[in-house]
1. Please work out if residue 104 is without any contact (Cβ under 8 Å) to a residue 12 or more places away in the chain and over 17 Å from residue 22 (Cα atoms).
2. Would you confirm whether or not the stretch 65-83 contains a residue that is of a type in the set (Asp, Glu) and at positive phi?
3. Among the numbered conditions (1) modelled with pLDDT of 90 or more; (2) open to solvent by less than 20 Å² (accessible area, probe 1.4 Å), tell me where residue 105 comes up short.
4. If you go through the stretch 61-99 one residue at a time, how many are farther than 26 Å from residue 25 by Cβ, open to solvent by 20 Å² or more (accessible area, probe 1.4 Å) and in a strand (DSSP E or B)?
5. Which one is farthest from the chain's Cα centre (by Cα) among residues in the stretch 32-75 that are closer than 15 Å to residue 101 by Cα and among the polar types (S, T, N, Q)?
6. Restricting to the stretch 1-58, give me the number of residues that are part of a strand (DSSP E or B), touching a Ser or Thr at 6+ places or on another chain (Cβ under 6 Å) and either surrounded by fewer than 19 Cβ atoms within 10 Å (Cβ to Cβ) or not small (Gly, Ala, Ser) (or both).
Amino acid sequence: SPTPAPAASTSVDGYAVTLSGSPKAGVSGPLKIVVSKGGSVVESFQRFLDSYVHLTAFHAGDLAFAQILSLGGVDASTGQTTAEALFPEAGTWQVFAQFDLDGSVHTAVLTLNVS
């Protein structure tokens, strides 16, 4: 199926998921993830695949894989979870953000352009 247009946010199972950052190909940099429900930021996650928000990204066209490492829990002052991302090439990437809340894993899919 075609890759959705780039969007900074999406919703899944009643949760709003927002991804921000300015990734550049070949350069490691931060991505910020915020998960909210009903206008309130989610501040606590169960660990899933050794992180609080597990991120995986695939390049449109050739399915190259990007290394994205969670850097810890939720920042109480911003509601953000931070990950360090290294995209090996420029282009359109589908980012899968997975998080576990109350024993259920939710997967949000966002499309990101990497310069």
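The values are calculated or read from the model by the stated rules, or taken from the named source; none is laboratory data. Predicted, not measured: the structure shown is a model, and the values here were computed from it. We place every Cβ from the backbone using ideal geometry, glycine too, and count neighbours over all the protein chains shown. Ligands, DNA and RNA are stripped out before the accessible areas are found, and what is left, the full protein with its side chains, is counted by its heavy atoms. Shrake-Rupley method; radii C 1.70, N 1.55, O 1.52, S 1.80 Å.
1. no
2. Step one: list which residues in the stretch 65-83 are of a type in the set (Asp, Glu), which gives 75.
Among the residues that remain, those that are also at positive phi are: none.
Within the stretch 65-83, not a single residue is of a type in the set (Asp, Glu) and at positive phi.
3. Condition (2) is where residue 105 drops out.
4. Looking only at the stretch 61-99, we keep the residues that are farther than 26 Å from residue 25 by Cβ, and these are 73-79, 99.
Keeping just the survivors that are open to solvent by 20 Å² or more (accessible area, probe 1.4 Å) gives 73-78.
Those left that are additionally in a strand (DSSP E or B): 73-74.
So the answer is 2.
5. Residue satisfying both the conditions and the ranking: 40.
6. Of the stretch 1-58, the ones part of a strand (DSSP E or B) are 9-12, 15-20, 24, 27, 29-37, 40-41, 46, 48, 51, 53-58.
Still in the list and also touching a Ser or Thr at 6+ places or on another chain (Cβ under 6 Å): 9, 16-18, 24, 30, 32-34, 51, 53.
From the residues that got through so far, the ones that are either surrounded by fewer than 19 Cβ atoms within 10 Å (Cβ to Cβ) or not small (Gly, Ala, Ser) (or both) too are 9, 16-18, 24, 30, 32-34, 53.
The number of residues fulfilling the criteria is 10.
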